[in-house]
Ligand SMILES: CC(C)(COP(=O)(O)OP(=O)(O)OC[C@H]1O[C@@H](n2cnc3c(N)ncnc32)[C@H](O)[C@@H]1OP(=O)(O)O)[C@@H](O)C(=O)NCCC(=O)NCCS
């Protein structure tokens with residue numbers, strides 16, 4: 001699959017690469033990011049290099065996952081702010097560098113990735129996070145996802161376990177606004 005560049009008013013989503021190694025290495029030291037994602041712990045510079053130079057390009061090539069760097073548009077050599085990925089079966093995943101959270105960048109990137117997925121003719125998109133990851137769940141709720149269940153994680157954690165997770169889904173043509181039925185701490 002040829003990498004696709006997506007744009008929003010403030011952002012460009014493009015292929016992450018060698019220039020992002022130091023940034024990803026830095027962001028992935030964050031304990032919150034380590035708690036809620038399956039990045040290696042401890043996270044070494046080599047892990048960032050493997051992700052950016054081997055895994056992400058291979059996923060694009062094989063079509064197993066579209067992985068985008070989230071950057072500010074119209075800034076030369078813009079630094080990576082976060083990452084959003086979309087697996088071939090429609091599961092979305094994301095993280096932002098700690099200092100770039102709370103600006104609505106993730107929500108903006110999420111919307112354009114949803115558009116991209118449904119424009120390609122797909123019918124369903126899924127999302128999940130570990131139970132208690134309110135920031136991730138609120139982003140999915142705001143994007144229009146329905147809460148479906150609490151149950152084992154789809155993707156294995158570092159220790160091979162499938163910890164309790166919140167799951168949601170969104171179908172083509174559905175409104176992109178908060179739906180009822182989420183856990184109370186996410187907004188009900
Ligand atoms: C999940 C993540 C990408 C969201 O990005 P963000 O920039 O914080 O997104 P937003 O600022 O739009 O916040 C999303 C919502 O969560 C809320 N929120 C953010 N941090 C929160 C926190 N610590 N506790 C409760 N709510 C929180 C925001 O108020 C916002 O709510 P709203 O939609 O009702 O306004 C970011 O928090 C992150 O990178 N977390 C660590 C990695 C991670 O958990 N990835 C997801 C794995 S499934």
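Only the coordinates and a few stated rules stand behind these numbers; no lab work does. Bear in mind the structure is a predicted one, so any value in this text is a computation, not a measurement. Neighbour counts are summed over all protein chains in view; Cβ atoms, including those assigned to glycine, are modelled from backbone coordinates with ideal geometry.
What the table shows:
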read-out: Equivalent ellipsoid, the stretch 1-72 (semi-axes from 5 times Cα gyration tensor eigenvalues, Å); value: 21, 15, 11
read-out: Simple label model, 7 Å out from Cα along Cβ direction - residue 75 to residue 148, nm; value: 3.5 nm
read-out: Average Cα contact separation per residue, the chain, under 8 Å, 6 or more apart, as relative contact order %; value: 17 percent
read-out: Extension gain (nm, one decimal) between residue 185 and residue 171, 0.36 nm per residue minus Cα-Cα; value: 2.7 nm
read-out: Quarter of Cα convex hull surface for the stretch 124-188, i.e. mean projection, nm²; value: 4.1 nm²
read-out: Hull-based mean projected area of the chain, where the convex hull spans the alpha carbons, in square nanometres; value: 10.3 nm²
read-out: 10 °C / 1.306 mPa s Stokes-Einstein diffusion coefficient of the stretch 25-109, Kirkwood radius on C-alpha pairs, µm²/s; value: 116 µm²/s
read-out: Order of 164, 30 under a 10 Å beta carbon neighbour criterion, fewest first; value: 164, 30
read-out: Peptide ranges 12-22, 116-126, 149-159 listed from the most packed, as the mean C-beta count within 10 angstrom indicates; value: 12-22, 116-126, 149-159
read-out: Two-decimal Rg/Rh across the stretch 65-139, once Rg and the Kirkwood Rh are taken from alpha-carbon atoms; value: 0.97
read-out: 67, 2 arranged by Cβ crowding within 10 Å, fewest neighbours leading; value: 2, 67
read-out: DSSP-defined beta bridges in the chain - what % are antiparallel, rounded to 5; value: 95 percent
read-out: 88, 165, 136, 128 arranged by Cβ crowding within 10 Å, fewest neighbours leading; value: 88, 165, 136, 128
read-out: In nm, spacing of pseudo-spin labels at residue 161 and residue 32 (7 Å Cα→C-beta vector); value: 2.3 nm
read-out: The stretch 13-54 versus the stretch 128-183: alpha-carbon centroid distance in Å; value: 23 Å
